[in-house]
Amino acid sequence: MLSVLLLRHLRRIALTVLVGGLLGATLVRLGPGFGVDERELDSRLNAQSQQAIRSERAANSNIALFYLRYLAGLAHGDFGFSQSLNRPVSELLKERLPLTMVSLAYGVLGGVALGFGLALATVWWRAPGSNLVASMLSGLCLAIPAAVIALLFLWMNAPGRWAIALVVFPHVYRYAKNLLVSAYHSPHVLAAQAKGLSSGRILLAHVMLPAAPQLAALAGISVSLAFGASIPIEVICDTPGVGQLAWRAALDRDLPLLVNITILIALMTLVVNTLSDLALASRRPAL
Amino acid sequence: MTRAQKAALLVLALAALASLLAGWLASSSYSEQFRDAISAPPSARFPLGTDELGRDRFARLLYGTRISLLLAPAAALLSTLIAALLGGTAGYLGGRWERAVTTGIDLFLSLPWLFLLLAVRALLPLNTSPLASVVITFLLLGCLGWASPARMIRAGTRTLLNSDYLVQARASGITAARLFWRHLLPNLRPILLAQFWVSIPVFILSEANLGLLGLGVSEPLPSWGAMLRELENYTAVLRNPWMLAPAVLLIAVVSSLQLLLRTEDCNPC
């Protein structure tokens, strides 16, 4: 069962690389400015050198060939060359990815902790007014664009990574709350309550444990949300991460860079989704 | 309908009415520049003051609201139609087409929304006219936002097709066209409507994010996202808190939409 699921996910990841690569290569090939080489304006180059540059470019004009070269490059870890920053894409990613990953880790963990904590406070602890406060807070965070949340953090001089937490939190809160409410209304929990088990034990053994796989599945969604939020947050908080790099690439029409970042992010999201799906499947009883 | 939902409906109605009456409520055009009143504070002439180019903020807010409130539903309609076409046919036909569409949905959902928008937006030329930029922005939102609704519609179609009354209808020899128009489509309508309404706040927020990043609607056309760019100047916001009006209105409208759509389902997306 698990191996079938794993195979299906691996197939999907491979398909993402192939289709994403094809779309990316087509975008780059058809994008504005493709084939324009400023070296042709260099007066020091003689006719032969200019012809060599033109032939080099002509080899890239066929989309199929271009795609195959692109895939071969990807297989060797060559993500291409950034036109705007005049540096290899892999070098730029190596420089900026760790910062984004750290921000995402803080953001996702913070968002999950806040969302799950508030869901617990509302459902288990039933603190007076907690439902109203948590619902209003999550509703407010859902209604504010990530860029405005980033601005608020910038004004408060707070680290942008916590802004990611505020973007992730309302989604986690709503999901976790619904999950906990439905778990508390399940027959086995009602039976445990009727038997007089302590509320702490009911929570840990009869609510949290069965709901753990579904909660783990939240990781995939949270990571995808956090990646999306990282662009405006890194731009506004001036964090030199991958989100800011994607934005600069979009403004500079640097398609090779932008397409590679998008494929990389999609791959990372798919890997996290695969892991959370496997966690979910491993805990599901076989029928 | 709860009291909060009634209040939300009132907020939406007021915002829509004000945007429709923008030409009548605002004393000037959104692009007219008053060089004698640059960065002016609120007054009877300019209820929200003027921006650094001397443009009436109140007029820009009303026209920006009109753009967001007209085009976000249009984009939602487009994405729902694409989703209905792909998700509906996938659920109805099944087989290879369903597998292909499901794979497409999974691929689209694995790409973070804003990265995808940036990639496609970057492909478009820089010298688009302001009007074209509005259409392109919302067209992109509509064309790229189909995956999540398509998943729901495909699942809904599958469930309906397996329901007892449709199995019985097929067993009694109903034609495919009649099955679709008479039984499937009317029962799918609630899902389609829900997906349409759910997409509107998502698109409003996406436009705001794109606008704040400088990749949304082009100047001089106003939009909520473009107007939020002013907030980057913290000291100016502190001195002129009325600059927060677009943010407040955006939050009020999106909160109202979410309050009206509020359901206790388990879907985290």
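The values are calculated or read from the model by the stated rules, or taken from the named source; none is laboratory data. Keep in mind the model is a prediction, meaning the values are calculated, not measured. Here the Cβ positions follow ideal geometry from the backbone for every residue, glycine too, while neighbour counts run over all protein chains shown.
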Restricting attention to region B:113-160, report how many residues are away from every other protein chain (no Cβ under 14 Å), within 17 Å of B:R99 (Cα to Cα) and in a helix (DSSP H, G or I). 10
Determine which member of the set B:L81, B:L86, B:L111, B:L93 is over 30 Å from B:N240 (Cα atoms), free of Cβ contacts under 8 Å to residues at least 12 places away in the same chain, buried (at least 17 other Cβ atoms within 10 Å of the Cβ) and among the aliphatic types (A, V, I, L, M). B:L111
Filter region A:254-285 for residues that are at the interface with chain B (Cβ under 8 Å from one of its Cβ atoms) and among the small types (G, A, S) and give the result. A:A266
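Which of the residues spanning region A:155-167 are assigned to a helix (DSSP H, G or I) and either more than 7 Å from chain B (Cβ to nearest Cβ) or modelled with pLDDT of 90 or more (or both)? Can you show your working first?
Pass one, region A:155-167, residues assigned to a helix (DSSP H, G or I): A:155, A:161-167.
If the condition is that a residue be assigned to a helix (DSSP H, G or I) and either more than 7 Å from chain B (Cβ to nearest Cβ) or modelled with pLDDT of 90 or more (or both), then A:R161, A:W162, A:A163, A:I164, A:A165, A:L166, A:V167 are the ones that fit.
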Let me confirm something: among B:P220, B:P241, which residue is free of Cβ contacts under 8 Å to residues at least 24 places away in the same chain and closer than 21 Å to B:D56 by Cα? B:P241
In region A:226-253, what count of residues is obtained for those that are touching a residue at least 12 places away in the same chain (Cβ under 8 Å) and either in contact with a Gly (Cβ under 8 Å, 6 or more places away or on another chain) or facing another protein chain (nearest Cβ under 8 Å) (or both)? 17
Quick check on my filter: what residues within region B:130-189 are under 30 Å from B:A75 (Cβ atoms) and of a type in the set (S, T, Y)? B:S133, B:T137, B:S148, B:T157, B:T159
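Looking at B:N233, B:N240 in this structure, which one is more than 30 Å from B:R151 (Cα to Cα) and out of contact with any Gly (no Cβ under 9 Å at 6 or more places or on another chain)?
B:N233 is the lone residue from the list that is more than 30 Å from B:R151 (Cα to Cα) and out of contact with any Gly (no Cβ under 9 Å at 6 or more places or on another chain).
Which one of B:L249, B:L257 is modelled with pLDDT of 85 or more and facing chain A (nearest Cβ under 10 Å)?
On the way: B:L249 fails: facing chain A (nearest Cβ under 10 Å).
Just one listed residue meets the conditions, B:L257.
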For region A:168-183, indicate whether the set of residues that are within 14 Å of another protein chain (Cβ to nearest Cβ) and among the charged types (D, E, K, R) is non-empty. yes
